[in-house]
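Asks: The structure is given below, and queries will be raised subsequently.
The values are calculated or read from the model by the stated rules, or taken from the named source; none is laboratory data. Quantities reported herein were computed from a predicted structural model and do not represent experimental measurements. Cβ atoms come from the backbone with ideal geometry, glycine included; neighbour counts cover every protein chain shown. Surface areas here come from the heavy atoms of the whole protein model, side chains and all, with no ligands, DNA or RNA. Shrake-Rupley method; radii C 1.70, N 1.55, O 1.52, S 1.80 Å.
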Amino acid sequence: MSTVITVAPTGPIASKADNPTLPTQPHEIAAAVENAHRLGASVAHIHLRDEQDRPTADPDIARRTMDLIAERCPIHIQLSTGVGLSVPFEEREKLVELRPRMATLNPCSMSFGSGEFRNPPDGVRRLAARMTELGVKPELEIYDTGHLDACLRLRDAGLLAEPLQFSIVLGVVGGAAATADNLLTLVQRLPEDAIWQIIAIGRANLDLTAMGLALGGNARAGMEDTLYLRKGEQTRGNDPLVARTVRLAEALDRSVATVAETEALLGLPPR
Ligand code: KMH
Ligand code: ZN
């Protein structure tokens with residue numbers, strides 16, 4: 001069975017002060033994604049930053065970043081509609097109008113560290129419907145058990161097409177903790193044909209990524225999820241994290257999916 005590797009090079013939280021190799025500007029993100037693609041990633045999960053490196057949903061920055069990536073490699077672009085805690089939902093949801101191949105859909109509001117991640121029910125329903133209309137495949141980011149139920153309700157209301165694609169996000173302060181128990185509980189409750197990966201934030205990133213692969217999930221790697229290769233050792237860019245995840249998959253006898261294989265494996269709507 002092939003594994004889809006997603007690179008998440010930037011995220012909404014970290015800054016260059018935390019790790020100077022974090023790519024934040026469009027050309028830096030495009031270069032990081034090109035390298036990750038060369039190493040085996042077939043999906044790029046993209047957060048945008050403005051000139052001051054603040055999270056933004058500016059459609060011009062999004063377009064420029066998407067174009068720069070597309071000039072460099074054929075990777076599938078997944079825009080984050082999570083964007084960043086400071087950006088209003090109504091700006092975030094407009095990013096899907098750029099018709100990326102995929103985009104995230106966060107089903108519930110929640111505490112998020114010391115902040116608040118606002119995903120109001122009517123907005124989530126509107127965004128789910130619009131993504132389906134535009135042929136943008138949603139990646140459902142679930143941070144706790146109830147978030148899975150919220151996604152299943154959207155499916156039952158006809159707002160999401162199967163197979164559903166999940167990211168099980170563990171380790172956010174405000175969501176479920178990054179433990180093997182929590183991963184198993186959520187995996188066991190997914191619909192049978194669901195596609196999924198684990199996103200383990202911080203210290204548990206390596207162990208839970210390995211566990212997710214061993215359980216048959218896909219994998220995500222990058223500086224959005226951890227700035228460290230191991231305790232006390234910061235990563236120098238995204239390459240070492242992506243390369244290690246590819247090695248993990250291959251050690252488990254999972255071949256790494258090409259961009260073309262990924263299109264079929266994820267059931268991406270035709271373009
Ligand atoms: N960094 C994640 C935990 C999204 O991209 O849609 C939250 C997030 C959501 O970034
Ligand atoms: Zn993200």
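Asks: Restricting to the stretch 237-265, give me the number of residues that are crowded, with 22+ Cβ neighbours inside 10 Å and part of a loop (DSSP other than H, G, I, E, B). Before you say what the answer is, go through the steps one by one.
Replies: Looking only at the stretch 237-265, we keep the residues that are crowded, with 22+ Cβ neighbours inside 10 Å, and these are 238, 241-242, 245, 249, 257, 262.
Now narrow it down to the ones that are part of a loop (DSSP other than H, G, I, E, B): 238, 257.
Residues in the stretch 237-265 being crowded, with 22+ Cβ neighbours inside 10 Å and part of a loop (DSSP other than H, G, I, E, B): 2 in total.
Asks: Going by the conditions given, is E224 at pLDDT 95 or above, under 22 Å from I168 (Cα atoms) and either over 18 Å from the mean Cα position of the chain (by Cα) or open to solvent by 40 Å² or more (accessible area, probe 1.4 Å) (or both)?
Replies: Spelling it out, E224 is indeed at pLDDT 95 or above, under 22 Å from I168 (Cα atoms) and either over 18 Å from the mean Cα position of the chain (by Cα) or open to solvent by 40 Å² or more (accessible area, probe 1.4 Å) (or both).
Asks: Taking S111 and the conditions (1) buried (at least 20 other Cβ atoms within 10 Å of the Cβ); (2) within 14 Å of ligand 1 (Cβ to nearest atom); (3) farther than 16 Å from S167 by Cα, which numbered condition does it fall short on, given that it satisfies the others?
Replies: (1)
Asks: Would you say V83 is more than 16 Å from the chain's Cα centre (by Cα), within 15 Å of ligand 1 (Cβ to nearest atom), surrounded by 14 or more Cβ atoms within 10 Å (Cβ to Cβ) and among the aliphatic types (A, V, I, L, M)?
Replies: no
Asks: On to the next question. Is it the case that L105 is away from ligand 1 (no atom under 14 Å from the Cβ) and not acidic (D, E)?
Replies: no
Asks: Taking the condition within 14 Å of ligand 2 (Cβ to nearest atom), farther than 17 Å from N106 by Cα and either free of Cβ contacts under 8 Å to residues at least 40 places away in the same chain or surrounded by fewer than 22 Cβ atoms within 10 Å (Cβ to Cβ) (or both), does R49 pass?
Replies: It is true that R49 is within 14 Å of ligand 2 (Cβ to nearest atom), farther than 17 Å from N106 by Cα and either free of Cβ contacts under 8 Å to residues at least 40 places away in the same chain or surrounded by fewer than 22 Cβ atoms within 10 Å (Cβ to Cβ) (or both).
Asks: If you don't mind, there's one more thing I want to ask. Any idea how many residues of the stretch 1-32 are open to solvent by less than 20 Å² (accessible area, probe 1.4 Å) and either assigned to a loop (DSSP other than H, G, I, E, B) or within 15 Å of ligand 1 (Cβ to nearest atom) (or both)? Please lay out each step first, then the result.
Replies: Of all residues in the stretch 1-32, those open to solvent by less than 20 Å² (accessible area, probe 1.4 Å) come to 3-11, 14, 19, 22-24, 26, 29-30, 32.
Next cut, either assigned to a loop (DSSP other than H, G, I, E, B) or within 15 Å of ligand 1 (Cβ to nearest atom) (or both) only: 4, 6-11, 14, 19, 22-24, 29.
Number of matching residues: 13.
Asks: In the set R54, R118, R64, R99, which member is in contact with a helix residue (DSSP H, G or I) (Cβ under 6 Å, 6 or more places away or on another chain) and within 16 Å of ligand 2 (Cβ to nearest atom)?
Replies: Sole residue among the options that is in contact with a helix residue (DSSP H, G or I) (Cβ under 6 Å, 6 or more places away or on another chain) and within 16 Å of ligand 2 (Cβ to nearest atom): R118.
Asks: Oh, and also: Give the residue, chosen from L213, L160, that is on the phi < 0 side of the Ramachandran plot and open to solvent by less than 10 Å² (accessible area, probe 1.4 Å). Spell out how you get there, then give the answer.
Replies: Details: L160 fails: open to solvent by less than 10 Å² (accessible area, probe 1.4 Å).
One residue alone meets the criteria, L213.
Asks: In the stretch 201-236, which residues are within 16 Å of ligand 2 (Cβ to nearest atom) and not in a helix (DSSP H, G or I)?
Replies: I201, N218, A219, R220, A221, G222, M223, E224, D225, T226, L227
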